Amino acid sequence: MKNIALVAALCVLCSCKHVAQVPSPLSYENRFTSICEINKNKEAYIDKEVDIRAIYKTDSLTYSYLVDENCKGNNQISPGYFNPNQTPGLAELISEGKERCKGRGICALRAVVEIKALVVMLDDHELGLDLRRVSSYNYLQSGKIKKRINRINGDGGN
């Protein structure tokens, strides 16, 4: 009897016209702007806020940049301006990186990140990003980057 009531309740819910729609993975993917697209059409993106999924690379001391390994050519951009105390999610990303590098000095790290940023022109006339939010991140081990990025992008890592 409980099963019949459950099935009836589900049928009522399914027939409702106001059931929230879950976005398809394709529409989710379309919300990200590739670094290659930004670099290809610089003028169109300056002073625009974008969502980016990329690999954050740093040695924790001398360099940090975002790279999109799914495109050829100019596939990186500098996170030019950021303040860990004012950018949601950034303090956690940096803190975990420091913990991973504890006692190692210069330490190369890579993480898949999803960010919101304002595209800006840096003083050296290169594009940069004014980070607004780190939505998610996942630090990677060497050699597993390509496979994980492919899996995230939906091709199963093949």
Please work out which residue is surrounded by the most Cβ atoms within 10 Å (Cβ to Cβ), limiting yourself to segment 90-112 and to residues that are in contact with a strand residue (DSSP E or B) (Cβ under 8 Å, 6 or more places away or on another chain) and small (Gly, Ala, Ser). ALA111
Determine if segment 87-101 includes at least one residue that is at positive phi and modelled with pLDDT of 85 or more. yes
May I ask you to list pairs of residues, at least six apart or on different chains, whose Cβ atoms are under 8 Å apart, with the first in segment 108-121 being over 16 Å from LYS57 (Cβ atoms) and the second being outside any strand (DSSP E or B) and of a type outside the set (A, V, I, L, M, F, W, C)? LEU118/ASP47; LEU118/LYS48; VAL119/TYR45; VAL119/ASP47; VAL119/LYS48; VAL120/ASP47
How many residues of segment 77-89 are under 20 Å from ALA108 (Cα atoms) and surrounded by fewer than 18 Cβ atoms within 10 Å (Cβ to Cβ)? The answer is 2
Residues (farther than 21 Å from SER135 by Cα and touching a Lys or Arg at 6+ places or on another chain (Cβ under 8 Å)) located in segment 74-110: ASN74, CYS107, ALA108
LYS72: of a type outside the set (A, V, I, L, M, F, W, C), more than 17 Å from the chain's Cα centre (by Cα) and modelled with pLDDT of 90 or more, yes or no? no
Count of residues meeting criterion [surrounded by fewer than 16 Cβ atoms within 10 Å (Cβ to Cβ) and aromatic (Phe, Trp, Tyr)] in segment 55-76: 1
Being in contact with a Phe, Trp or Tyr (Cβ under 8 Å, 6 or more places away or on another chain) and within 28 Å of LYS48 (Cβ to Cβ) is the requirement here; does LEU122 meet it? no
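The values are calculated or read from the model by the stated rules, or taken from the named source; none is laboratory data. Just so we're clear, the structure is a prediction, and the values are computed from it rather than from any experiment. So basically every Cβ, Gly included, is an ideal-geometry build from the backbone, and we count neighbours across all protein chains shown.
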